[in-house]
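Here is the structure we will look at.
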Amino acid sequence: MKRVYYLLFLALFACMTMSCQQSERSFFSDEKYREQVKIDFQQRKSMINHTRSKALFSVFDRPDLSLEEKEALEFLFAYMPLNDLSDYNGDFFLSQTRAAFEARDFFEWGAKIPEEIFRHFVLVYRINNENLDSARIVFFNELKDRVKNLSMEEAALEVNHWCHEKVNYRATDGRTSSPLALVKTAWGRCGEESTFTTTALRAVGIPARQCYTPRWAHTDDNHAWVEVWIDGKWHYMGACEPEPVLDAAWFTAPAKRAMMVHTNVFGKYTGEEEKNVDKPMYSTINLLSNYTAVREAKALITDAGGQAVVGAKVAFKVYNYAEYYSIVESVTDSAGKASIYTGMGDLLVWASKDGVFGYAVSSPENESVTIVLNKKKGDSFDDSFEIVPPSEQKVAGTPSDLAAENGKRLRREDSIRKAYMDTFINEQTAKDFASKLNLSADETWKYLNSAQGNWSEIQKFIGKHKDDKYLFPFLSSVSSKDLRDVPEHILTSHLQGFHKIGVKTGTPDDIVTRNLLSPRISREIIRPWRKFFQSEFDNSIVEDVRANVGEIVNYVKENIKIDDEQNYYNCPLTPQGVYDMKIADRHSRNIFFVSLCRSAGIAARLNPATLRPQYFDGEWKNAEFENDIKEIYPQATVAFVNAKENILKPQYETHYTLARFQDGDFSTLNLRGNVSTVSVDEGYYRLMIGSRANDGSVTISNKYFEIKEKQSLNLEIKMPEVIRKMQVLGIIDMNTKITLADNETTLKDLSNGNGVMLCFADPDKEPTKHILQDLPAQTGELNKWNGGILFLVPDDKLSRAFDNTVFKNLPKNTVWGVDNKRSLLNETISTLKLDFNDNFPLTLLLTNNGGIIYYSAGYKIGVGENIVKMIKTK
């Protein structure tokens, strides 16, 4: 009888278990998609070595793992970029997955989100190329009670207000800080703001994606923002720039002039959007038609005999920062054709195969172009043409009552952020700290001030290493962003590792600081790789490789497999991640090589102009990882000469660039600062010079030529002529009274007999900050002019949190004033007959008699330069 009961119990238990398994929720409703994910997951898993496999996949052994979590993790592992596989562990991804499900189940709108939308735009933890952190969990806990009783649309708008409380716009370098690091700093560039805001929206279960225009056509630079999925439709918003409604932002008008808006989608995506890129692990979808009218730009590629060329590389390019920048790259089909959907402006279409190339301009009037591959390396020739962007379009503004109420909220949010930033260390406290340690007060304040919200970590580092002669050289070797987000223990690890090995004899001091002492190599997140590698390799090995760097080169060549497809977000693997995975993209491999060299006391770098990995052995030598790379390239000297006809001195990457031919196209040399004379590798080059007109069109001249070993070449930079007609567009009364911070004056008094540059500014918005960042480049010319420079803020745009002292090196006559009740702004709008719609900034150049001879409204780069050109034209 006992045996019968026992068998009945087992049967009952088995039935209950089967019932539970059958009722357990699956992540996929589409059986075919589920099976494809399983296949892709197993293939991905098979490529991971034992070291990383255990760290990543032991999470599947957890007894508390549900079927839904298991399948979601398989989806993530199947398609995540290589750097995530190398630098994070399975438990991290499980925590991200559970946070996504918790948000879905907590909020009412979670049940309304389609499976595919949730899978790609809520579950996915990565937005772009940011360092990953636990922001999703932190943000959910902070936001859930704030938005739980709102509609999905109201919640999305409210999250953006919360983001504005935390973060505001300020330009910074190209490395993307993690969302929590951005909160600590309280400001960042648009790519960081949009990464942060997308993370916050996903944290509360609202589908969101970061959108980019990779480069504008009508002005230099780019921009990123956010799209949110609300009740079945995608809408846009400015990240950390809340408006009272969706589909409203300062960039609405510029986006109508875009030639491309796109986003990367993680995993196999079957949405309806046009795909510019469709790869096994991700796709890049074209969103431009959400913002403006589009056209199909078509290209037929032929050889010199007129035969269609199959498999030719085709790049569709816009002019930006004095180079042709690819917005989409493709390959010709069996008919020799390639096409994209783009905006209503001009593109340069570049095609190449087997070292032969050709190009043509695609325009709305000439949408289908035929490109003959009839040019080759070594051909010398010149050409010139005009590139015209899409025309400016009018857009509707936000209703005034909504805008006014929203403005009040923004000012309250500014005060919240300012109150937090007021907790950062101040100058006197920093200098008192330096005095106690017998350190330079100015140096100490410089680094503590640069650290912003991370100041306590940098203070701890300074205090710990106060007697180290390399303290300040070390801090000078990292970026300002590193000071803002790298913890003390990582910096200490690098400084200690540097001292453990020392410096190879004969290495100059300036090279030691930049290329040995520094933990910063490229745009990777700084991790404590130096001491890690020193612990992996004993001292005898270090001595051997210092005597023969070729051993490091050979080790890297033999042990690191190159895969340039899988790291599709272009976020570099950390050096330790490369070492563990033994797989990397070329750029991450190169960073790894540099880190190994520095860990062994050998100065190494990525060449600033070409990004080739190099080590110092009496001179800079290339690491020969590819067969076509030479240890030392024959060098030549190039001097850039300013043509006497130029109104302004041309600047590299604003007016001209030099590019070297490789793999069928020209790659721009990354020459920073005030370039005059440079050493370059021998090779085939293109000099590009461009002049941009006020309407955004560009006149371009190109020179194609060879540079030979030991050649000294003078390249004249003569700006293409752009016709600038000067006419009086309206009159402003120069006796108008202006309210400054501490007194009242008039426009006439400010003009000094020379005129006034007048900028109506909204200091909370990015376009105004761009002018403040661009203007210092023209400080010398504007000081010579000696006219007045007035930034006038409407009283409804005033914010006590705005600090104009952040913007350095403005012209000497710069003053700030308040436009009460918008009286002068309204007069100006009426005079110019503008449909303004708060399209700040509105910048004018006034003659001494009040004549308006130039104006610019909204987002544009180079306004200061255009002002100077108009002054000199007068």
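The values are calculated or read from the model by the stated rules, or taken from the named source; none is laboratory data. This structure is a prediction, so every number in the text was calculated from the model and none was measured. No Cβ is skipped: glycine too gets one built from the backbone with ideal geometry, and neighbour counts run over all protein chains shown. Protein only, heavy atoms only, side chains kept; ligands, DNA and RNA dropped before computing areas. Shrake-Rupley method; radii C 1.70, N 1.55, O 1.52, S 1.80 Å.
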Item to check | Residue satisfying all of: in the range 174-197; surrounded by 24 or more Cβ atoms within 10 Å (Cβ to Cβ) and part of a loop (DSSP other than H, G, I, E, B); nearest to the chain's Cα centre (by Cα) among these | outcome: THR176
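State whether the residues of the range 744-755 include one that is of a type in the set (Gly, Ala, Ser), part of a loop (DSSP other than H, G, I, E, B) and surrounded by 14 or more Cβ atoms within 10 Å (Cβ to Cβ).
yes
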Checklist entry - For the range 117-173, how many residues are closer than 23 Å to ALA801 by Cβ and outside any helix (DSSP H, G or I)? => result 6
Checklist entry - Restricting the search to the range 274-309, which residues are assigned to a strand (DSSP E or B), over 29 Å from VAL356 (Cα atoms) and aliphatic (A, V, I, L, M)? => result ILE285
Checklist entry - Restricting the range 232-265 to residues that are part of a strand (DSSP E or B) and under 17 Å from ASN839 (Cα atoms), which is modelled with the highest pLDDT? => result MET237
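Each row is one residue, and each column tells you yes or no for (1) at positive phi; (2) surrounded by 21 or more Cβ atoms within 10 Å (Cβ to Cβ); (3) not β-branched (Val, Ile, Thr).
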site: ASP145; (1), (2), (3): no, no, yes
site: ASN149; (1), (2), (3): no, no, yes
site: ARG170; (1), (2), (3): no, no, yes
site: THR199; (1), (2), (3): no, yes, no
site: HIS218; (1), (2), (3): no, yes, yes
Checklist entry - Of (1) more than 24 Å from ASP87 (Cβ to Cβ); (2) of a type in the set (Gly, Ala, Ser); (3) under 27 Å from the mean Cα position of the chain (by Cα), SER518 satisfies all except one. Which? => result (1)
Checklist entry - Which of the following residues is part of a strand (DSSP E or B), closer than 21 Å to SER823 by Cβ and at pLDDT below 95: THR768, THR739? => result THR739
Item to check | Residue satisfying all of: in the range 653-687; assigned to a loop (DSSP other than H, G, I, E, B), in contact with a strand residue (DSSP E or B) (Cβ under 7 Å, 6 or more places away or on another chain) and open to solvent by 30 Å² or more (accessible area, probe 1.4 Å); nearest to ILE700 (Cα to Cα) among these | outcome: SER676
Item to check | Filtered residue count, the range 845-874, keeping only those that are closer than 10 Å to ASN694 by Cα and among the basic types (Lys, Arg) | outcome: 1
Item to check | Residue that is over 20 Å from ASN554 (Cα atoms) and open to solvent by less than 30 Å² (accessible area, probe 1.4 Å), where the choices are ASN646, ASN642 | outcome: ASN646
Next on the checklist: So GLU706 ticks every box in (1) out of contact with any Asp or Glu (no Cβ under 7 Å at 6 or more places or on another chain); (2) at pLDDT 90 or above; (3) assigned to a loop (DSSP other than H, G, I, E, B); (4) within 27 Å of LEU606 (Cβ to Cβ) but one. Which box is left unticked?
Outcome noted: (3)
Item to check | Where a residue in the range 58-75 is over 22 Å from VAL122 (Cα atoms) and its partner, wherever it lies, is open to solvent by less than 50 Å² (accessible area, probe 1.4 Å), with Cβ under 8 Å and at least six apart | outcome: SER58/GLY90; ARG62/LEU94
Item to check | Residue, farthest from HIS587 (Cα to Cα), within the range 92-123, restricted to residues that are among the β-branched types (Val, Ile, Thr) and surrounded by fewer than 22 Cβ atoms within 10 Å (Cβ to Cβ) | outcome: ILE113
Checklist entry - Out of all the residues in the range 250-270, is one or more surrounded by fewer than 22 Cβ atoms within 10 Å (Cβ to Cβ), within 21 Å of ALA857 (Cβ to Cβ) and among the small types (Gly, Ala, Ser)? => result yes
Checklist outcome for this item: Flagged pairs (Cβ under 7 angstrom, 6 or more apart or on separate chains; first in the range 145-170, farther than 27 Å from PRO763 by Cα; second part of a helix (DSSP H, G or I) and acidic (Asp, Glu)) are ARG146/GLU158; VAL147/GLU158; LEU150/GLU158
Next on the checklist: Given (1) open to solvent by 10 Å² or more (accessible area, probe 1.4 Å); (2) of a type in the set (Phe, Trp, Tyr); (3) over 17 Å from the mean Cα position of the chain (by Cα); (4) within 29 Å of MET421 (Cα to Cα), identify the lone condition not met by TRP229.
Outcome noted: (4)
Item to check | Residue in the range 309-323 that is among the hydroxyl-bearing types (Ser, Thr, Tyr), at positive phi and either crowded, with 16+ Cβ neighbours inside 10 Å or touching a strand residue (DSSP E or B) at 6+ places or on another chain (Cβ under 6 Å) (or both) present | outcome: yes
Item to check | Filter result for ASP414 (part of a helix (DSSP H, G or I), open to solvent by less than 60 Å² (accessible area, probe 1.4 Å) and in contact with a strand residue (DSSP E or B) (Cβ under 8 Å, 6 or more places away or on another chain)) | outcome: yes
Checklist outcome for this item: Going through the range 495-536 in order, the residues found to be modelled with pLDDT of 95 or more and of a type in the set (Ser, Thr, Tyr) are THR513, SER518, SER522
Checklist entry - Can you name the residue in the range 21-61 that is open to solvent by 90 Å² or more (accessible area, probe 1.4 Å), in a helix (DSSP H, G or I) and of a type in the set (Lys, Arg) and, of all such residues, is modelled with the lowest pLDDT? => result LYS54
Checklist entry - For GLY378, are the conditions met, namely being in contact with a strand residue (DSSP E or B) (Cβ under 7 Å, 6 or more places away or on another chain), of a type outside the set (A, V, I, L, M, F, W, C), farther than 30 Å from ALA253 by Cα and surrounded by 15 or more Cβ atoms within 10 Å (Cβ to Cβ)? => result no
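Please indicate, with yes or no, whether at least one residue in the range 395-404 is among the aliphatic types (A, V, I, L, M) and open to solvent by 90 Å² or more (accessible area, probe 1.4 Å).
Checking the range 395-404: at least one residue is among the aliphatic types (A, V, I, L, M) and open to solvent by 90 Å² or more (accessible area, probe 1.4 Å).
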Checklist entry - Of the residues in the range 438-456, how many are open to solvent by less than 40 Å² (accessible area, probe 1.4 Å) and over 20 Å from PHE807 (Cα atoms)? => result 4
Checklist entry - Can you find even one residue in the range 76-91 that is buried (at least 20 other Cβ atoms within 10 Å of the Cβ), in a helix (DSSP H, G or I) and polar (S, T, N, Q)? => result yes
Checklist entry - Out of all the residues in the range 379-400, is one or more modelled with pLDDT under 95 and of a type in the set (Val, Ile, Thr)? => result yes
Checklist outcome for this item: Only one of ILE562, ILE591 is closer than 28 Å to VAL277 by Cβ, open to solvent by 20 Å² or more (accessible area, probe 1.4 Å), among the hydrophobic types (A, V, I, L, M, F, W, C) and at pLDDT 95 or above, namely ILE562
Checklist entry - Which residue pairs have Cβ atoms under 8 Å apart, sit 6 or more places apart or on different chains, and have a first residue in the range 798-818 that is farther than 16 Å from ASP749 by Cα and in contact (Cβ under 8 Å) with a residue 40 or more places away in the chain and a second that is of a type in the set (D, E, K, R) and open to solvent by less than 50 Å² (accessible area, probe 1.4 Å)? => result SER799/ASP414; SER799/ASP764; ARG800/ASP414; ALA801/ASP414; ALA801/ARG417; PHE802/ASP414; PHE802/ASP764
